[in-house]
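One structure is given here, and the rest of the page talks about it.
The values are calculated or read from the model by the stated rules, or taken from the named source; none is laboratory data. These numbers come from a predicted model, not from an experiment. Heads up, the Cβs are rebuilt from the backbone with ideal geometry, glycines too, and the neighbour counts pull from every protein chain shown.
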Amino acid sequence: MTARLAAACTLAAGLAALPGCGPGALNVSRTYDLEPGEARSIDVDGIGSPQTLVVTYESSAGPVTVGVFKKADIPQDDDLMTVPATKSLAPAGKDDKGTVTAEVPANTPVRVVVRDPPKKSNVKVHVTNKK
């Protein structure tokens, strides 16, 4: 009986040490120099549970369009400028600065896309999945 109790205690201690089932922390910042007609993206891998992505952005020289798209909708970098904003998982932002919040289904890789400033602009983008 003592061996069983010791084994049960060891198992319980081991399970308590395992990390939680929530999404892993995502905290990515990028700065881009964009010209009119240009786009850049940040790729985010899918995870085993749904996650909420929060994208904050700021452009130095006018509004930019920012959206969160399923990677399947933008398989190539050449498609970054042509994918319709209506395919974004959240209403696309179109301003000098703002926040876009997208609910991403489990196991869905996405691309955070920043595109098309009116003139050369320095754009700062921060992506997190912390609420």
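Whenever a residue of the range 79-92 is closer than 15 Å to VAL64 by Cα and in contact (Cβ under 8 Å) with a residue 40 or more places away in the chain, its partners that are surrounded by 15 or more Cβ atoms within 10 Å (Cβ to Cβ) and of a type in the set (A, V, I, L, M), lying with C-beta atoms within less than 7 angstrom and at least six residues away or across chains, give the pairs LEU80/ALA39; LEU80/ILE74; LEU80/VAL113; MET81/ALA39.
Take the residues of the range 22-37 that are within 12 Å of SER121 (Cα to Cα) and of a type in the set (D, E, K, R): which is farthest from the chain's Cα centre (by Cα)? Applying the filter and picking the extreme gives GLU35.
Among the residues of the range 38-75, write down those that are of a type in the set (Gly, Ala, Ser), over 14 Å from ASN122 (Cα atoms) and in contact (Cβ under 8 Å) with a residue 40 or more places away in the chain.
Of everything in the range 38-75, those that are of a type in the set (Gly, Ala, Ser), over 14 Å from ASN122 (Cα atoms) and in contact (Cβ under 8 Å) with a residue 40 or more places away in the chain turn out to be SER41, GLY46, GLY48, SER49, GLY67.
Residues that are surrounded by fewer than 19 Cβ atoms within 10 Å (Cβ to Cβ) and assigned to a strand (DSSP E or B) within the range 47-56 comprise THR52, VAL54, THR56, listed in sequence order. Considering every residue within the range 39-46, establish whether at least one is among the β-branched types (Val, Ile, Thr), buried (at least 17 other Cβ atoms within 10 Å of the Cβ), outside any loop (DSSP other than H, G, I, E, B) and touching an Asp or Glu at 6+ places or on another chain (Cβ under 8 Å). Checking the range 39-46: not a single residue is among the β-branched types (Val, Ile, Thr), buried (at least 17 other Cβ atoms within 10 Å of the Cβ), outside any loop (DSSP other than H, G, I, E, B) and touching an Asp or Glu at 6+ places or on another chain (Cβ under 8 Å). If the condition is being touching a residue at least 60 places away in the same chain (Cβ under 8 Å), among the basic types (Lys, Arg) and farther than 21 Å from LYS71 by Cα, then the range 95-129 contributes LYS119, LYS120, LYS124. Annotation: of all residues in the range 25-36 being within 19 Å of THR52 (Cβ to Cβ) and surrounded by 10 or more Cβ atoms within 10 Å (Cβ to Cβ), the one that is modelled with the lowest pLDDT is LEU26.
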